[in-house]
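**Student:** Have a look at this one.
Nothing in this text is a laboratory measurement; each read-out follows from the coordinates by a stated rule. Remember, predicted model here, so these are calculated numbers, not experimental data. For neighbour counting, all protein chains shown are included, and Cβ atoms are generated from backbone atoms with ideal geometry for every residue, glycine included.
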Amino acid sequence: MVEEKAVKKKKRFYKKWWFWVIIGVVLLIIIGSSVSSSDDNTDDSHTSSDTKFKINDPVTVGDLTYTVIDVYDTDNIGYNNKTENNYVVVTLTVKNNGKDGITVYDSMFEYYRGDAKYECSANSIYLENGFYVLQAIGAGITKTISVAYEIPSEHEGTDCISVKASSYGKSEKIFMKK
């Protein structure tokens, strides 16, 4: 007599309890990290502190220290980049306090007038000292840059520039008043 071996039918992996425990843990990690990263990407209408910084105040965000040293209005920057509105040109120093080089991006600077937000003008690359969207700053180095914003009228003391430690990081606002 030939004994037939009982063939035990294996459960598919997705029917096992440990598979669903792993899926649950992964989902919790994803949800937790998305909540955490949305907290890191704070709404730019809020500063990370209640401190109100102004022109000539050093502002440290992460490894970078920003100091707005000048702000002026013009209708023309660079080589025939004339506007019917107004350019606000913000000149600031950026010091890298870290141990590694940092690349500064245009998205690390935003100009606010009330609830209106303005991005760096593409014409900033034509400024004499040439802030060209990307600026590499070595450890311990300070660079002076100018960033232009096209806005409807001359700057006001209640206008501010938001500076960040990275494109998506913590930010502080510096108001355009002395």
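**Student:** Once label points are set 7 Å from the Cα along Cα→Cβ at both Asp75 and Asn56, what is their separation, rounded to one decimal in nm?
**Tutor:** For Asp75 paired with Asn56, the spin-label model returns 3.1 nm.
**Student:** How much length would be gained if the chain were fully extended between Thr142 and Asn97, taking 0.36 nm per residue of separation minus their Cα-Cα distance, in nm to one decimal? All intermediate terms of the calculation are to be shown ahead of the outcome.
**Tutor:** Numbers: separation 45, 0.36 × 45 = 16.20 nm, distance 0.89 nm.
Between Thr142 and Asn97, full extension yields an extra 15.3 nm.
**Student:** Less than 18 Å from a label point 7 Å out along the Cα-to-Cβ axis of Asp115: which backbone N atoms in the stretch 138-178 qualify, by residue?
**Tutor:** Residues 152, 159-160 qualify, since their backbone N sits under 18 Å from the label point.
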